[in-house]
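Novice: Here it is, the structure, as structure tokens.
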Amino acid sequence: MLRIGMLTSGGDCQALNATMRGVVRGIKTLIGDEFEIYGFIDGYKGLVYGNYRKMKYNDFAGIFNKGGTILGTSRMPFKEIDIPTADGVDKVKAMNENYKKLKLDALVVLGGNGSQKTANRLSEEGLNVIGLPKTIDNDIYGTDVTFGFQSAIDVATRCIDNIYTTAESHSRIFVIEIMGHKVGWIALHAGIAGGADAILLPEIPYDIKKVYKAIEKTQKEGKKAIIIAVAEGAIPKEVAKLPKKERKAVLANSTYPSVSYELADKIRAKFDSDVRVAVPGHTQRGGSPDAYDKVLSSRFGAKAAELIRDKDFGKLVVMKNNLVDAIPLAESAGKLKVIDPDDQLVKSAKDLGICFGD
Ligand code: F6P
């Protein structure tokens, strides 16, 4: 009997269940019926405390289209991995012991950057780990795309589309804040897809004067709706230039709830226009996966099953040039995939007249 541990860790996304379903279907097809899944509750916490559900193939039926995660999730920051829990449990030791106590053959970790760092650590400890790259942010190094990303783009784009019509009716300027943590992948894609006039990204610090200019130009052209898609991690040029410590302090001391409100205030002070903010927030992570993500999750799930069958552990499933592959967890762990300001997509957007504030 094959015994597989599985957990979902970090912020959720639309395609976690779809990916778990893919893994389980792949195992059944490639390896056979003799397997049990030990689903750890609420991410690594479940592995630390030995809190799990023993699951069968059928427990993963009917969840393809269901967002969130049937296992629950939580964040366990990697930087705190060697700090005991509040009740004094040594996390790495406990995870190791629980894995062995349950006689697991492998542990499948569906998680983002931090979670994959922990997966790599457990792999270094000798556990048979397979990572699956989950995050709406698309910032996992080594894969062209993560599951959740495309669905989040769809939600963010729909949000911009909806705002567009009302902005047009009222001749308003809208600053729309898009998730993405430290990177601007969702904002870049949704901004283009939503017809934004400006897209502001963490990777391309913006000069507010350039944003003003873009607004002026767009208003002069007679466009009634002005849309600024701002990534939640976007940063003005003058702040980006500061040494890391000072920059952190400036951002931490801001009195605004988030970047979009500060930006909207600046624009409001400069223009005789009605300026509004829209923050789609966690709607970008919620609901069902889109068709692209369902296909991607299925492909990733099948690859994870293949790795389990081949006992090829310590790997992260990735997509490279439209082909599913696997790379050592260590190759990706600790690195962030950011947008290259010279990326062709950025260039195309600029060629369409979209302002990046640089
Ligand atoms: O990593 C996914 C993400 O949604 C980021 O885009 C965002 O910055 C963060 O999680 C929000 O986290 P939380 O749900 O813990 O507030």
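Each reported figure results from applying straightforward, stated rules to the coordinates on display, with no laboratory input. Everything numeric here is computed off the predicted structure, so don't read it as measured data. Glycine gets a Cβ as well: all are built from the backbone with ideal geometry, and neighbour counts include every protein chain shown.
Novice: If you take the beta carbon distance between Glu125 and Lys335 as r and set R0 to 30 Å, what does 1/(1 + (r/R0)^6) give as a FRET efficiency, to the nearest 0.05? If you can, show how the numbers build up before the last one.
Specialist: Details: r = 21 Å, r/R0 = 0.69.
Taking R0 as 30 Å, the efficiency between Glu125 and Lys335 is 0.90.
Novice: Between helix 16-30 and the chain, what is the angle of the helix's C-alpha long axis to the longest principal axis, kept within 0 to 90° and rounded to the nearest 10?
Specialist: Rounded to the nearest ten degrees, it is 40.
Novice: Charges at C-beta only: +1 for Lys and Arg, -1 for Asp and Glu. How large is the resulting dipole of the range 175-315 about its Cα centre, in Debye rounded to 20?
Specialist: Working: 25 positive and 18 negative charges, 67 e Å.
Using only the charged Cβ atoms, the result is roughly 320 debye.
Novice: Related question: Which listed residue (Ile226, Met55, Ile267) has the Cα farthest towards the positive end of the charge dipole for the chain, taking +1 on Lys and Arg C-beta and -1 on Asp and Glu C-beta about the Cα centre?
Specialist: Met55
Novice: Please give the charge dipole size of the chain, origin at the Cα centre, charges +1 on K and R Cβ atoms and -1 on D and E Cβ atoms. Round to the nearest 20 debye. Write down the numbers at each step before the final one.
Specialist: Values: 51 positive and 45 negative charges, 61 e Å.
Roughly 300 debye for the chain.
Novice: Right, another one. Once a ≥ b ≥ c are taken as the square roots of the eigenvalues of the Cα gyration tensor of the range 151-285, is the result rounded (a/c under 1.5), prolate (a/b larger than b/c) or oblate (a/b not larger than b/c)?
Specialist: Working: a/c = 1.84, a/b = 1.25, b/c = 1.47.
Oblate, since a/c reaches 1.5 and b/c is not below a/b.
Novice: Still on this structure: Between helix 113-124 and the chain, what is the angle of the helix's C-alpha long axis to the longest principal axis, kept within 0 to 90° and rounded to the nearest 10?
Specialist: Approximately 30 degrees, to the nearest 10.
Novice: Where does helix 91-101 land angle-wise versus the long Cα axis of the chain, in degrees 0 to 90, nearest 10?
Specialist: Roughly 40 degrees between the two axes.
Novice: Sticking with this one: What is the calculated FRET efficiency for Met1 to Lys347, with r their C-beta to C-beta distance and R₀ = 51 Å, to the nearest 0.05?
Specialist: Details: r = 54 Å, r/R0 = 1.05.
Here the calculated transfer efficiency is 0.40.
Novice: Just check the chain against the gyration tensor rule for me: Cα atoms, a ≥ b ≥ c as the square roots of the eigenvalues, rounded for a/c under 1.5, and otherwise prolate or oblate depending on whether a/b exceeds b/c. Numbers along the way, then the final one.
Specialist: Numbers: a/c = 2.42, a/b = 1.92, b/c = 1.26.
Because a/c hits 1.5 or more and a/b exceeds b/c, the chain counts as prolate.
Novice: Suppose we flag GluC sites (Glu not before Pro) only when DSSP calls them loop and at most 10 other Cβ atoms lie within 10 Å. Which is the longest uninterrupted stretch of the chain? Walk me through the numbers before you get to the answer.
Specialist: On the way: sites that count: Glu34, Glu221.
Result, exposed sites excluded: 35-220.
Novice: What is the dipole size for the range 16-99, taken about its Cα centre, with +1 at each Lys and Arg Cβ and -1 at each Asp and Glu Cβ, in debye to the nearest 20? Could the numbers behind the result be given before it?
Specialist: Details: 12 positive and 10 negative charges, 73 e Å.
Computed charge dipole of the range 16-99: roughly 360 debye.
Novice: What residues from the range 13-27 fall in the zone where the backbone N is under 13 Å from a label point 7 Å along the Cα-to-C-beta line of Lys54?
Specialist: none
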